[in-house]
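Colleague: Pasting in a structure now, in structure tokens, and then I'll have a few things to ask.
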Amino acid sequence: LDSIRNPKEVDEFRNEFGDKFYLFFIDALRRMRYERARKRKREGEGDISFEEFVRQDDEGLGKDQPEWGNNLSKCREKADFMITNDGSLEDLERKVLEIVKSIVGK
């Protein structure tokens, strides 16, 4: 699964799967995420200004959102693992695999 954005989703997965559910929170510096979004050019991302990106990002973090809305800040608090995605895709894959190997080795 990816893109869990509401802490109640995390709670539901924990209730359903118990200790078999692990939440990874993958983050990067805002400027880096902005540049990556512009390069991806998904709908509305290719020509977005940094200011608009910041506004949308703040919404996703949960600022001024209703309880049922996006709240990545609260999801981050519930994460089992935090990963900084500040390198290549291969670097990210390596970081994830290291954690998965540590879980499987338990």
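The values are calculated or read from the model by the stated rules, or taken from the named source; none is laboratory data. Computed from a predicted model, the values in this text were never measured in an experiment. Please note that ligands, DNA and RNA were not included when accessible areas were found on the heavy atoms of the full protein model with its side chains. Shrake-Rupley method; radii C 1.70, N 1.55, O 1.52, S 1.80 Å.
Colleague: Rounded to the nearest 500 deg cm²/dmol, what is the calculated helix-only ellipticity per residue at 222 nm for the chain, with -39500 (n - 2.57) per DSSP H run of length n ≥ 4?
Modeller: One gets -16500 deg cm²/dmol as the mean residue ellipticity at 222 nm.
Colleague: In the chain, carbon and sulfur make up what percent of the accessible area (probe 1.4 Å)?
Modeller: Solvent-exposed carbon and sulfur of the chain make up 50 percent of the total.
Colleague: Across the stretch 34-40, in residue order, what do the Karplus-derived ³J(HN,Hα) couplings come to in whole Hz, using 6.51 cos²θ - 1.76 cosθ + 1.60 with θ = phi - 60° and x for Gly and Pro?
Modeller: In residue order, the calculated couplings are 4, 4, 5, 4, 5, 5, 5 Hz.
Colleague: At 1.4 Å probe size, with every protein chain present, just tell me what the per residue accessible area of the stretch 44-101 comes to in Å².
Modeller: Accessible surface, normalised per residue, equals 68 Å².
Colleague: Here is a follow-up. Output ³J(HN,Hα) for the stretch 9-23: one whole-Hz value per residue in order, computed from phi by the Karplus curve 6.51 cos²θ - 1.76 cosθ + 1.60 with θ = phi - 60°, and x for Gly and Pro.
Modeller: Result, rounded to whole Hz: 5, 4, 4, 5, 5, 5, 5, 6, 10, x, 7, 9, 9, 10, 9.
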